[in-house]
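Have a look at the structure below, then the notes.
No value in this document is a laboratory result; all are computed from the given coordinates. If you're wondering where the values come from, they're calculated on a predicted model, not measured in any experiment. Every residue, glycine among them, receives a Cβ derived from its backbone with ideal geometry; neighbour counts consider all protein chains shown.
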Amino acid sequence: MEHIILLDYEKCVGCRQCSLSCSFTKEASFSLAKARNTVLWVHRAEVFMPMRCQHCESPLCMDVCPMEAISRNEETGAIVIDADRCIGCKMCMVVCPFGAVTWDADSHSMIKCDLCDGEPECVKHCVYGALTWLPTDEAAMVTRQAGAGYLANALVEIKEA
């Protein structure tokens, strides 16, 4: 069964523990530049937003890679980059709508989230529970329930106005 990292942005406080645990796991270094995810402050909405690869069903990054260095790990469903095949053309970085692919100057290769082989460290170290690792069908239900809650709150505000 496929899983997804589900975000509850209302719980994210911007501590960047997810990014630091990622960089330590992947690079043995606490470096935000080496993380395969990032936490952005979205000023207009006044929220922190953890951003990472969404492991798209039809990934643009895989389509544009001239070296076929990007593939799907059939066991985890993760879109992964083969650093040995990557020539660093950065086309994957250009087309990713989430900004999830970055250049690593030390390895001269592109890097991105690989879901830690099905055990995402970012989720394990999210102190405030903003990230959860759920089966996709369960994540869909959680998302629907949250959407219904937002809609109910909006309707109450309209009635009270």
Can you give me the relative contact order of the chain as a percent, contacts being Cα pairs under 8 Å and 6 or more apart?
-> 28
Aspartates and glutamates whose Cα lies under 13 Å from that of Lys112, excluding same-chain neighbours fewer than 8 positions away = Glu27, Asp82, Asp104
Looking at (i) 10.8; (ii) 11.8; (iii) 9.5, which value of mean projected area of the Cα convex hull in nm² comes from a calculation on the structure shown?
-> (i)
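For the chain, what is the calculated [θ] at 222 nm in deg cm²/dmol (nearest 500), taking -39500 (n - 2.57) for each run of four or more DSSP H residues and dividing by its residue count? Before the final figure, lay out the partial values.
Numbers: 5 runs with 50 residues, N = 161.
Calculated from helices alone, the mean residue ellipticity at 222 nm is -9000 deg cm²/dmol.
Pop the C-beta distance of Arg85 and Val142 into the FRET formula with R0 = 45 Å and round what comes out to the nearest 0.05.
Working: r = 37 Å, r/R0 = 0.81.
The computed FRET efficiency comes out at 0.80.
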Sort out for me the Cα centre separation of region 56-101 from region 7-25, rounded to whole Å.
-> 23
Computed for the chain: size of charge dipole around the Cα centre, +1 on C-beta of each Lys and Arg, -1 on C-beta of each Asp and Glu, debye to nearest 20, value 520
Residues meeting the amide H criterion for Val39 (H placed from the backbone, H to H distance under 5 Å, 5 or more places apart or on another chain) are Met51
